[in-house]
Amino acid sequence: MHHKNYAGPVLVVIAGPTAVGKTELCLKLARQLNTNIISADSRQFYREMNIGTAKPNAAELSAVKHYFINSHSITEEYSCGAFEADTLALLDKLFREKQTIILTGGSGLYIQAVCEGLDEMPDIMPAVRENLMLQLEQQGLENLLTQLQSLDPAYYEQVDRANPQRVIRALEVCYSSGQPYSVYRAGSRKQRPFKIVKIGLTRDRAELYQRIDQRMEEMLAMGLMEEAKSLYPYRAHNALQTVGYKEIFDFMEEKQDWPETVRLLKRNSRRYAKRQLTWFRRDPEFKWFHPEDWEGILTCIAQNSG
């Protein structure tokens, strides 16, 4: 048994939207806590994607040890499940030497995978989905809700009954697996052998959007256009179906002119930030701070690490 004052290993999660200031804060925090940074960013894995992913620069990467930045090539796909397994194995090793490790990024799904695992959803039979879509079209949502109520009363109570996608998703799991959908949703959270402190970074919307626009200008000045051109052959890759690249590929395919491309790059980045915030705000475990509230963030980590 450990002495009762012994504090076990702590994973400090620093999440937030694009351009909020995660990198700067995490570097400062890593120095303060004498620790390393694990990146949970679904695009920074790839060596070939630099400008459009806002990776820490060479000086920042050498100042503090980072993991999962430039770890893979765009010629391979790296899945969220693989990231979960690799990160847990890495944490097991790192926690032997460090009491606190920082996990940071804007990819909600990758952070969720490390903190609580991913839902092990059953495979859906294509015919089931088609049949349900057809029923929705011919008989409306009411009929599907009636089926859901009898197959999975627990989920029926929670589901947004005005959202046909959610209703169909639940029913296709019920029919494909023979189990209520709520079984899969409830049992997914895995216990981890370390404590998790979740800190969300946010700014006033006008301030955040201005930073996003400014960052996009900087990326373009650094040669984002040339980077995207060199990645065009890999445009079908998941990591490249994202803001910063897709818009330039469309420009290359003459779908819009350059001023419109720049407008879309900024607009889509702002929309992406909004989606990121929505994702992290759904998780009540996050405590929210302005990135410059250094004392508040340190106090929060200290209070929740014991």
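The table that follows gives values for the structure above.
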{"item": "Count of segment 91-131 residues which are hydrophobic (A, V, I, L, M, F, W, C) and in a loop (DSSP other than H, G, I, E, B)", "result": "5"}
{"item": "Residue match in segment 275-295 (condition: touching a helix residue (DSSP H, G or I) at 6+ places or on another chain (Cβ under 8 Å) and under 23 Å from M49 (Cα atoms))", "result": "yes"}
{"item": "Segment 161-182, residues that are surrounded by fewer than 18 Cβ atoms within 10 Å (Cβ to Cβ) and either under 16 Å from G140 (Cβ atoms) or outside the structural domain of N131 (by TED's automatic domain parsing) (or both)", "result": "R161, A162, N163, P164, Q165, R166"}
{"item": "Residue, surrounded by the fewest Cβ atoms within 10 Å (Cβ to Cβ), within segment 183-194, restricted to residues that are part of a loop (DSSP other than H, G, I, E, B) and out of contact with any Gly (no Cβ under 7 Å at 6 or more places or on another chain)", "result": "Q191"}
{"item": "Conditions (1) under 26 Å from R282 (Cα atoms); (2) modelled with pLDDT under 95; (3) in contact with a Phe, Trp or Tyr (Cβ under 9 Å, 6 or more places away or on another chain): number failed by A40", "result": "(2)"}
{"item": "Options T100, T146; residue that is touching a strand residue (DSSP E or B) at 6+ places or on another chain (Cβ under 6 Å), modelled with pLDDT of 85 or more and either within 29 Å of R275 (Cβ to Cβ) or hydroxyl-bearing (S, T, Y) (or both)", "result": "T100"}
{"item": "Segment 154-179 - residue that is touching a residue at least 24 places away in the same chain (Cβ under 8 Å) and more than 27 Å from the chain's Cα centre (by Cα) and, of those, nearest to L132 (Cα to Cα)", "result": "Y175"}
{"item": "Some residue of segment 135-156 being under 24 Å from Q112 (Cβ atoms), in a loop (DSSP other than H, G, I, E, B) and not hydroxyl-bearing (S, T, Y)", "result": "yes"}
{"item": "A236, sole failed condition from (1) modelled with pLDDT under 95; (2) within 16 Å of V13 (Cβ to Cβ)", "result": "(2)"}
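The values are calculated or read from the model by the stated rules, or taken from the named source; none is laboratory data. Keep in mind that this is a model prediction, so the values were computed, not measured. In this analysis, Cβ positions are derived from the backbone assuming ideal geometry, glycine residues included, and neighbour counts consider all displayed protein chains.
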